Amino acid sequence: MKNITFQNGDQMPLLGLGTWKSEEGELYKAIREAIHIGYRHFDCAARYENEAEVGQALSDAIQAGDVQREDLWITSKLWNNKHKKEDVGIGLSDTLKDLQIDYIDLFLMHWPIALPPHIIFPANGSEFLSLDEVPLSETWQAMEKFVDDGSCKNIGVSNFSISKIKAMDDYARLPPACNQVEMHPMLQQQDLVDFCQQKNIAMTAYSPLGSLDRPARLKKEAEPMLLEHPVIDEIAKRRDCTPAQVLISWSIHRGVAVIPKSTNPKRLKENFAAQDVPLAQEDMDAIAQLDKGFRFIDGTFWTVEGSPYTLQELWD
Ligand code: A2P
């Protein structure tokens, strides 16, 4: 298994299993199966509202002797309504309890967006807190304390732009260990990858297959079909692999961790095998041409009328 080495020497497997959108009941079986296949990196979040099911599967796998805790890499994310300094610890302890673990390998700030504690997802523009009311520095500094007490091995961010990471220089005692963002051939973000790699900030790509199972409210009309793109398909045929494997292998070749979601045993296996799919420079060059700066998860749900957030500031 290929790893990415963090600033503190910790090693995160470059290929992990995404758990967003996994159906209740399916997820438990998928995690147990994934561990048998060889997955050791699991990407979770409080917001996915399924960490208890992940935790039960991990705990049962450890009990059964399938894997040991220290061989697992578990990532989770602090939801937006736990950004106030007094709430960060509550978010972390809920996650640790649900996942049935006493430390997390990587804890990320899920979005640079703050919500009041009683709002899980805003229904209108009045159900937000602005970054003046709860600055990112307040949330980050509260997260740093949980590295000090050992409950987080690493902390990082998600959906952060270059400029938001640069701004952390002014307030971060600990630099972010990782930035997790949407990334695939139609949203390559090469400048962000270069910036993070140069600063030794690991990157993880979410929605690497285009997240076709997103709820309809997160879909736009006429979205590009990543898995059916003729260039990806042609490379897959030539390399005797599947389009999904090309997409996963492309990320690994860039040194960017990747967390395709599946609950289907056949696809779990297929995706895991992608780390052994070789891509030549000519394949990487052909894929480099596909960038459109296209976001499947474009963040418009944070910019409803009356919200203190704008898309321009979000992706600045
Ligand atoms: P399923 O869970 O039924 O396998 P993303 O990782 O970008 O969020 O994409 C997840 C979506 O891609 C899910 O609908 C998942 O369905 C599907 N998927 C996962 N692996 C593959 C694969 N190897 N080939 C085609 N679709 C896949």
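The values are calculated or read from the model by the stated rules, or taken from the named source; none is laboratory data. From a predicted model like this one, the values you see are computed outputs, not experimental measurements. Here the Cβ is made from the backbone with ideal geometry for all residues, glycine too, and neighbour counts use every protein chain on show. Please note that ligands, DNA and RNA were not included when accessible areas were found on the heavy atoms of the full protein model with its side chains. Shrake-Rupley method; radii C 1.70, N 1.55, O 1.52, S 1.80 Å.
Residue check: LEU58 meets all listed conditions (1) surrounded by fewer than 23 Cβ atoms within 10 Å (Cβ to Cβ); (2) over 17 Å from the mean Cα position of the chain (by Cα); (3) aliphatic (A, V, I, L, M); (4) within 21 Å of TYR206 (Cβ to Cβ) but one, namely (1).
Restricting attention to the range 190-213 and to residues that are closer than 20 Å to ASP316 by Cβ, of a type outside the set (Lys, Arg) and without any contact (Cβ under 8 Å) to a residue 40 or more places away in the chain, the residue that is nearest to the ligand (Cβ to nearest atom) turns out to be LEU192.
Can you give me the number of residues within the range 33-53 that are more than 15 Å from the ligand (Cβ to nearest atom), under 26 Å from SER249 (Cα atoms) and in a helix (DSSP H, G or I)? Result for the range 33-53: 2.
For every residue, the table says whether it meets (1) free of Cβ contacts under 8 Å to residues at least 40 places away in the same chain; (2) more than 16 Å from the ligand (Cβ to nearest atom); (3) closer than 30 Å to SER126 by Cβ.
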residue	(1), (2), (3)
ILE252	no, no, no
ILE259	no, no, no
GLN281	yes, yes, no
GLN289	no, yes, no
THR303	yes, yes, yes
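Within the range 214-239, how many residues turn out to be outside any helix (DSSP H, G or I) and either open to solvent by less than 40 Å² (accessible area, probe 1.4 Å) or within 15 Å of the ligand (Cβ to nearest atom) (or both)? Here the count works out to 8. Out of the range 261-274, which residues are open to solvent by 20 Å² or more (accessible area, probe 1.4 Å) and either outside any loop (DSSP other than H, G, I, E, B) or more than 8 Å from the ligand (Cβ to nearest atom) (or both)? Listed by number, the residues that qualify are LYS261, PRO265, LYS266, ARG267, LYS269, GLU270, PHE272, ALA273. Looking only at residues in the range 17-32 that are within 13 Å of the ligand (Cβ to nearest atom) and in a helix (DSSP H, G or I), the one that is most open to solvent (accessible area, probe 1.4 Å) is LYS29.
Matching residues to (1) within 28 Å of PHE42 (Cβ to Cβ); (2) touching a Pro at 6+ places or on another chain (Cβ under 7 Å); (3) modelled with pLDDT under 95; (4) among the aliphatic types (A, V, I, L, M):
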{"position": "LEU212", "(1), (2), (3), (4)": "yes, no, yes, yes"}
{"position": "PRO215", "(1), (2), (3), (4)": "yes, no, yes, no"}
{"position": "LYS237", "(1), (2), (3), (4)": "no, no, no, no"}
{"position": "PRO243", "(1), (2), (3), (4)": "yes, no, no, no"}
{"position": "HIS253", "(1), (2), (3), (4)": "yes, no, no, no"}
{"position": "LEU268", "(1), (2), (3), (4)": "yes, no, no, yes"}
{"position": "TRP302", "(1), (2), (3), (4)": "yes, no, no, no"}
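Within the range 207-241, the set of residues being of a type in the set (Gly, Ala, Ser) and out of contact with any Lys or Arg (no Cβ under 9 Å at 6 or more places or on another chain) comprises GLY210, ALA216, ALA222, ALA236.
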